[in-house]
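Accompanying notes for the structure given below.
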Amino acid sequence: MLVLAIALIVNLATVRAADATDKIQPTITLSADRNPLDVDHRTAVVTGTVTATMPDGSTGPLTGQQVEVTPDVGAGQSRTLTTDGDGHFSLAITPDDRYTIVEAVIKETDQVASARAPQLWLEVRQTAARALSCEVTPTRVTKTTPITVTGRVTYDTGAGPVPLTGRNIVVRDDKNFQVLGTAPLNAAGAFSATVPITAEPGYHPLYVAPDIPSDDLYFSPVNCGNAEGNVPVVVAPGTPQFANFNVAFNEPHRAGVIGSIESPLGPNGEVLFYHMENLPITIEWSRSGRTHWQRLGQLVTMNNGLFGTRDRGLPESESDPFPARGGYFRARFDGNDFLYPTTSPVVRAR
């Protein structure tokens with residue numbers, strides 16, 4: 001009985017081997033006319049080629065063969081195609097994801113053995129949509145002054161810059177990540193966005209880029225800062241005011257000065273700027289008080305905006321009285337990145 005069983009197993013294996021040898025042995029290859037795809041080329045034509053080794057050992061294209069093609073393995077939906085006279089089949093695929101896997105299989109029949117093609121991966125490559133030539137006006141604003149940002153957005157897939165249209169531009173304060181507003185891109189990819197500034201005083205770099213979500217299939221946004229340098233908005237809360245500026249000749253021919261410069265106030269009387277120290281204050285003299293102003297020197301403010309010379313009861317001051325004669329005096333602040341220029345009332349001393 002054991003010998004008979006062994007002989008039966010051997011005979012079955014021999015029959016199966018013979019059956020496999022008697023079948024057509026297909027091979028499938030897949031290729032795409034374009035890979036990766038991009039915004040200008042969203043559809044790939046995938047071509048399959050089926051060749052076969054016949055039972056007699058000859059090879060050639062396998063015609064009229066049904067092939068089950070899955071255009072997107074993740075979606076799980078397949079189509080049945082038939083090879084032409086050259087053993088080819090094809091289909092157009094427009095991916096809806098960054099990566100799409102294409103599979104092709106031949107199911108086993110009485111005449112043809114099964115076969116599976118190596119997977120074909122289609123990639124969609126994102127194209128950078130760049131915000132360029134951005135300009136901001138005004139560059140020095142008060143806390144409630146709107147700004148206007150202009151520029152254009154283009155993308156390039158290799159044939160030169162193309163305007164991006166049908167989308168919006170977003171303007172964001174990148175210091176506090178506050179979205180200030182949006183504006184549409186016109187047919188030339190240009191935009192003009194007028195948005196409010198409500199931030200605290202200081203430098204506020206802007207993020208200016210097309211409003212494209214991070215999972216967009218075809219585009220990745222590039223803001224002006226990354227495309228062509230930072231686009232800062234300088235926020236100035238207003239114009240400071242001089243207070244209690246006066247001049248006295250406590251020493252012959254030497255003018256001692258004292259005064260302060262105060263922060264501009266908001267609509268409800270609130271202080272808008274607390275950093276009034278280390279501001280350069282220029283002291284000027286004029287014979288008439290109207291024209292021909294001459295520079296006497298410069299003082300630097302202390303923590304509370306106070307400035308003056310040592311003889312005016314400010315021992316911490318680094319300045320001695322200025323050589324001068326009787327006439328008219330004024331203090332001038334030329335402004336900085338946060339405050340507008342301002343000049344004190346003119347005072348007379350002799």
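FRET efficiency for the V105 to D56 pair, using the beta carbon distance and R₀ = 30 Å, is estimated at 0.75. Please find the FRET efficiency linking D84 to A159, where r is the Cβ-Cβ separation and R0 is fixed at 45 Å, and quote it to the nearest 0.05. Given R0 = 45 Å and the Cβ-Cβ separation, E is 0.85. Comparing T63, T154, T127 in a Gaussian network model of the chain where C-alpha atoms under 10 Å apart are linked, the largest mean-square fluctuation is found at T63. Helix 2-22 and the longest principal axis of the Cα set of the chain meet at an angle near 70°.
Within the shell defined by Cβ-Cβ distances under 14 Å, the residues around G189 carry a net charge of +1, with Lys and Arg each +1 and Asp and Glu each -1. What is the calculated FRET efficiency for R310 to A128, with r their C-beta to C-beta distance and R₀ = 56 Å, to the nearest 0.05? Computed FRET efficiency for R310 and A128: 0.40.
Percent of Cα pairs in the range 142-187 per distance bin of 5 Å, from zero to the largest separation: 5, 17, 21, 21, 15, 11, 7, 2, 1. Among the GluC sites (Glu not before Pro) in the range 241-350, those placed in a DSSP loop whose Cβ has at most 11 other Cβ atoms within 10 Å are E270, E316, E318. Close amide H contacts of L279 (hydrogens built in the peptide plane, cut-off under 5 Å, sequence separation of 5 or more or a different chain): T301. With the simple model of a label 7 Å out from the Cα in the direction of the Cβ, N226 to A243 spans 4.7 nm.
Dividing the Cα radius of gyration of the range 241-349 by its Kirkwood radius returns 0.98 for Rg/Rh. Per-residue ellipticity at 222 nm computed for the chain from its helices equals -2500 deg cm²/dmol, with DSSP H segments shorter than 4 residues left out and the rest contributing -39,500 (n - 2.57). The phi-based Karplus calculation (6.51 cos²θ - 1.76 cosθ + 1.60; θ = phi - 60°) puts the 3J(HN,Hα) values of the range 289-298 at x, 10, 9, 6, 6, 10, 7, 8, x, 9 Hz, whole numbers, x for Gly and Pro. Take the Cα of T137, step 7 Å toward its Cβ, do the same at R116, and the gap between the two points is 6.5 nm. Computed 3J(HN,Hα) for the range 150-156, one whole-Hz value per residue from the Karplus formula 6.51 cos²θ - 1.76 cosθ + 1.60 where θ = phi - 60°, is 10, x, 8, 10, 9, 9, 9, glycine and proline marked x. When you filter the chymotrypsin sites (Phe, Trp or Tyr not before Pro) in the range 236-296 for DSSP loop state and at most 12 other Cβ atoms inside 10 Å of their Cβ, you are left with Y274. In the chain, Cα pairs under 8 Å separated by at least six residues give a relative contact order of 11 percent.
FYI, it's all coordinate maths here, none of it is from the lab. Note that this is a predicted model, so its numbers are computed, not measured. A quick note on method: Cβ atoms are made from the backbone with ideal geometry, for glycine too, and the neighbour counts reach across all protein chains shown.
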